[in-house]
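The values are calculated or read from the model by the stated rules, or taken from the named source; none is laboratory data. Computed from a prediction, not measured in an experiment: that's the story for all the values here. Here the Cβ is made from the backbone with ideal geometry for all residues, glycine too, and neighbour counts use every protein chain on show. With ligands, DNA and RNA removed, areas are computed over all heavy atoms of the protein, side chains included. Shrake-Rupley method; radii C 1.70, N 1.55, O 1.52, S 1.80 Å.
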Amino acid sequence: MDGWERAVLALRLLVSHPCSLGGAVIRMRAGPARDRLRNWLQTHLKTRAIAPSVTDEQLFGGLDLGVALSQGRVVHAAGILQPDTTMILTMAERCDEALAAKLAQALDQKACQTVVALDEGVEPDEACPLALAERCAFHICPEGRMPDDWLDDTTEARYSNIISNEINAIP
């Protein structure tokens, strides 16, 4: 099984049990493979993309100042962290330790379903922070040319039996 096939297996396991597996760190440069991956995730999970520049107010919610001023009363805006949502962290290698800790805490407290950290790093020191990476069950780094049928309908059928066997083998 090559890296692309292992990636499919890990992703299928992640979407079948997102709450119990924490997430995945996927080391992959921006391009057609990553676009296909994001589209695939969006069809299988409720997702929300965030960048390393996301604010606490955006994550956790807070005062909606514009609405509060127009209505003359305090109005709270909901944050984007939701128990049924998979957070897709783009540019995870640029994520600071504070955001990584907040996302790790969100996973621990079930404030979000799972986290997929898209790591575009090239050098070994450019990586998703450990505070977040250690909570992710899968660390995926496919290498070489992406197969033409990667994450399309033919891979779904091909991996259904493999995934069932892998899940049944879990004690």
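Think of each Lys and Arg Cβ as +1 and each Asp and Glu Cβ as -1; about the Cα centre, that makes the dipole of the chain roughly 500 debye. Extension gain, residue 77 to residue 29: 0.36 nm times the residue separation minus the Cα-Cα distance gives 13.9 nm.
For the chain, with all protein chains in place and a probe radius of 1.4 Å, 52% of the accessible heavy-atom surface sits on carbon or sulfur.
Over the chain, with the other protein chains present, what is the accessible area per residue in square angstrom, probe 1.4 angstrom?
On the way: 9270 Å² over 171 residues.
Value for the chain: 54 Å² per residue.
Residue 70 contributes an accessible area of around 90 Å² to the protein surface, as traced by a 1.4 Å probe with all chains present.
Kirkwood hydrodynamic radius of the stretch 1-53, from the reciprocal of the average inverse Cα-Cα distance over all distinct pairs: 12.2 Å.
Take the chain, mark every one of the trypsin sites (Lys or Arg not before Pro) that falls in a DSSP loop and has at most 11 other Cβ within 10 Å, then report the longest stretch left between them, sites excluded.
Details: sites that count: 29, 73, 110, 145.
With trypsin sites (Lys or Arg not before Pro) excluded where exposed in loops, the chain gives 30-72 as its longest stretch.
Remark on residue 50: its backbone amide H falls under 5 Å from those of 88, 89, 90, a criterion applied only to residues 5 or more positions apart or on other chains, H modelled at 1.01 Å from N. Out of every Cα-Cα pair that the chain contains, those further apart than 29 angstrom amount to 24 percent. In order along the stretch 79-93, the phi-based Karplus estimate (6.51 cos²θ - 1.76 cosθ + 1.60, θ = phi - 60°) of 3J(HN,Hα) comes to x, 7, 6, 9, x, 9, 10, 8, 8, 9, 8, 7, 6, 4, 5 Hz; Gly and Pro are listed as x. Evaluating 6.51 cos²θ - 1.76 cosθ + 1.60 at θ = phi - 60° for every residue in the stretch 62-77, the Karplus couplings come out as x, 5, 8, 4, x, 5, 4, 5, 6, 9, x, 8, 6, 10, 9, 9 Hz, glycine and proline recorded as x. Amide H contacts of residue 77 (H built 1.01 Å from N, in plane; Pro and chain starts excluded): 62, 63, 64 sit under 5 Å, all sequence-distant by 5 or more or on other chains.
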